[in-house]
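Notes follow the structure.
The values are calculated or read from the model by the stated rules, or taken from the named source; none is laboratory data. Just so it is clear, the model here is predicted, and its values are computed rather than measured. FYI the Cβ positions are ideal-geometry reconstructions off the backbone, even for glycines, and counts take in every protein chain you see. When the accessible area is computed, the model is the full protein with side chains, heavy atoms only, and any ligands, DNA or RNA have been set aside. Shrake-Rupley method; radii C 1.70, N 1.55, O 1.52, S 1.80 Å.
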Amino acid sequence: MDSENTALWLPARGKKFEVGPAPVPEPGDEEVVVRVRAVAVNFLDTLPGYAYRFVLPWVRFPMVIGTDVAGEVVAVGRNVSRLSVGERVLGHAVGVEKSRNRPAEGAFQHLVVLMQHLVAPIPGALAFEQAAVLPLALSTAATGLFQSDHLGLPLPTSVPTEKNSTVLVWGASTSVGINAVQLARSAGYRVVATASPRNHDWVRSVGAAEVVDYRSKTVVAELLQAIGGQPLAGTVAIGSGSLPPAVKVARRAKGTRKVASAHPDPVTRLRAWRARRKNVQVSAIWGASLKDNEVGPAIYTSFLPQALASNAYRAEPRATVVGHGLTDVPNALELLREGVSGEKLVVTI
């Protein structure tokens, strides 16, 4: 393992990032240390200083943030037998989570500590840059689909049994949405989705049976027609403005009236209350919560390694490399704030 470590530090709420030395971490009993080769950036990483008071009020500074990691295992803790030193992996870093809350577990550094059940080996043909697009988006989609406090669907398998029901994914061309489509199909469900027309073919290519333009004035009617006579197993609503029309579809379709919302909307609770009055159950997804239940190991340990190796699951969306080295991560975050579509911004380390 490297004898030195360097991190991109966030010194305090609202301050600018600083690159500087960091302790060389040691893995705990259920942890591994990974030499980071690529990171992806997410909107959670772009929080302005004041937002930490509301979204992540427990975070202690200075902190190393970041969630999406791909690299090589350089040390394993006791009780870790499924991963070995030198193995190429991707992983979900959870340093900013309330129950972890330590810089050693933030993605934006050379050596990061990861919980072993949130790490998956990757095939040799999958580049680190492309593998790094998966973790947070995959975790968020899996949380919404499979956790019992959300849709509670049966877990995905490499050879799924087809179900006679449909999952609606509103916002399928987002990074969370494209993973939700694949995971729902891997659980045996027919998928109906929304996306802009330029992304329809892409969304179909990962398994959606029908794709509707979310900006259509008749989108709710078109989705109900696409769902047809099959019962709705549940809905994942992703992106700004997705929840109200998703609730309308859930109210009118046959089947389960559950909507898992993956947008950090400050009025989600109010909308959830209104939805309950219409007999629709709305839940707000927190993507890292799968670290504390059976969904985390089911995805990263049991499902993903084989699915990636067999090409049954694709690392999507497309990675766009926008920098090299920790000093380029802040630039990547600025680009993300400007908006992206159908891609994930990645920095190699």
Practice item. Based on the mean of other Cβ atoms within 10 Å per residue, sort peptides 92-103, 133-144, 148-159, 66-77 so the most packed one is first. Key: 133-144, 66-77, 92-103, 148-159
Revision key, fill the gap. Expected vector for segment 105-115, Karplus 3J(HN,Hα) from phi with 6.51, -1.76, 1.60 and θ = phi - 60°, integer Hz, x for Gly and Pro, equals 9, x, 6, 7, 7, 6, 10, 10, 8, 10, 5
**Study point:** Calculated [θ] (222 nm, deg cm²/dmol) that DSSP helices of n ≥ 4 give over the chain, each run adding -39,500 (n - 2.57)
**Key:** -6500 deg cm²/dmol
Revision key, fill the gap. The farthest towards the positive end of the charge dipole of the chain, of the residues 241, 69, 348, given +1 on Cβ of Lys and Arg and -1 on Cβ of Asp and Glu, is 241
Check your understanding: Residues with amide H under 5 Å of residue 67's amide H, sequence separation 5 or more or different chain, H placed in the peptide plane at 1.01 Å from N; which?
Key -> 107
Review point. Points 7 angstrom from Cα along the Cβ direction at residue 102 and residue 58: gap in nanometres?
Key: 1.4
Check your understanding: For segment 290-299, in order, what is each residue's ³J(HN,Hα) by Karplus, 6.51 cos²θ - 1.76 cosθ + 1.60 with θ = phi - 60°, in whole Hz (x at glycine and Pro)?
Key -> 5, 5, 9, 9, 5, 5, x, x, 4, 7
Exercise for review: Find the centroid of the Cα atoms in segment 165-242 and in segment 121-139, then give the distance between the two in whole Å.
Suggested key: 23
**Study point:** From phi via Karplus (6.51, -1.76, 1.60), per-residue ³J(HN,Hα) for segment 327-337 in Hz, x at Gly/Pro
**Key:** 5, 8, 4, x, 5, 4, 5, 5, 4, 5, 4
Point to revise | Cβ-based net charge around residue 190, under 9 Å, with every Lys or Arg adding one and every Asp or Glu removing one | key: 0
Point to revise | the chain: most fluctuating residue of 17, 43, 108 per GNM, C-alpha cutoff 10 Å | key: 43
Exercise for review: Enumerate the amide H contacts of residue 111 below 5 Å, restricted to partners 5 or more residues apart or on another chain; note that Pro and chain-start residues carry no placed amide H.
Suggested key: 6, 36
Study note, to complete from the structure: From the cross-link list 217/254; 163/291; 15/217; 16/258; 98/217; 16/344, the entries with a Cα-Cα span beyond 32 Å are 15/217; 16/258; 98/217
Revision key, fill the gap. Non-local residues with an amide H under 5 Å from the amide H of residue 321, with H modelled 1.01 Å from N and Pro and chain starts lacking one, are 346
Practice item. Compute the projected area of the convex hull of the Cα atoms of the chain, averaged over all viewing directions, and report it in nm² to one decimal place. Key: 16.1
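What is the percent carbon and sulfur in the accessible area of segment 98-239, measuring with a 1.4 Å probe over the protein chains and ignoring ligands?
52
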**Study point:** Percent of C-alpha pairs per 5 Å bin, segment 143-225, short to long
**Key:** 3, 17, 27, 24, 18, 9, 2, 0
Check your understanding: Tally Lys and Arg at +1 and Asp and Glu at -1 over the other residues with C-beta under 9 Å from the C-beta of residue 73: what net charge comes out?
Key -> 0
Study note, to complete from the structure: Computed over the chain, protein heavy atoms only, probe 1.4 angstrom, the accessible area per residue in square angstrom equals 42
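Going from most exposed to least, what order do 222, 334 have by accessible area with a 1.4 Å probe?
Numbers: 222 65, 334 95 Å².
Ranked list, largest accessible area first: 334, 222.
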Review point. Using a basic spin-label model with each label point 7 Å from the Cα along Cα→Cβ, how many nm lie between residue 328 and residue 286?
Key: 3.4
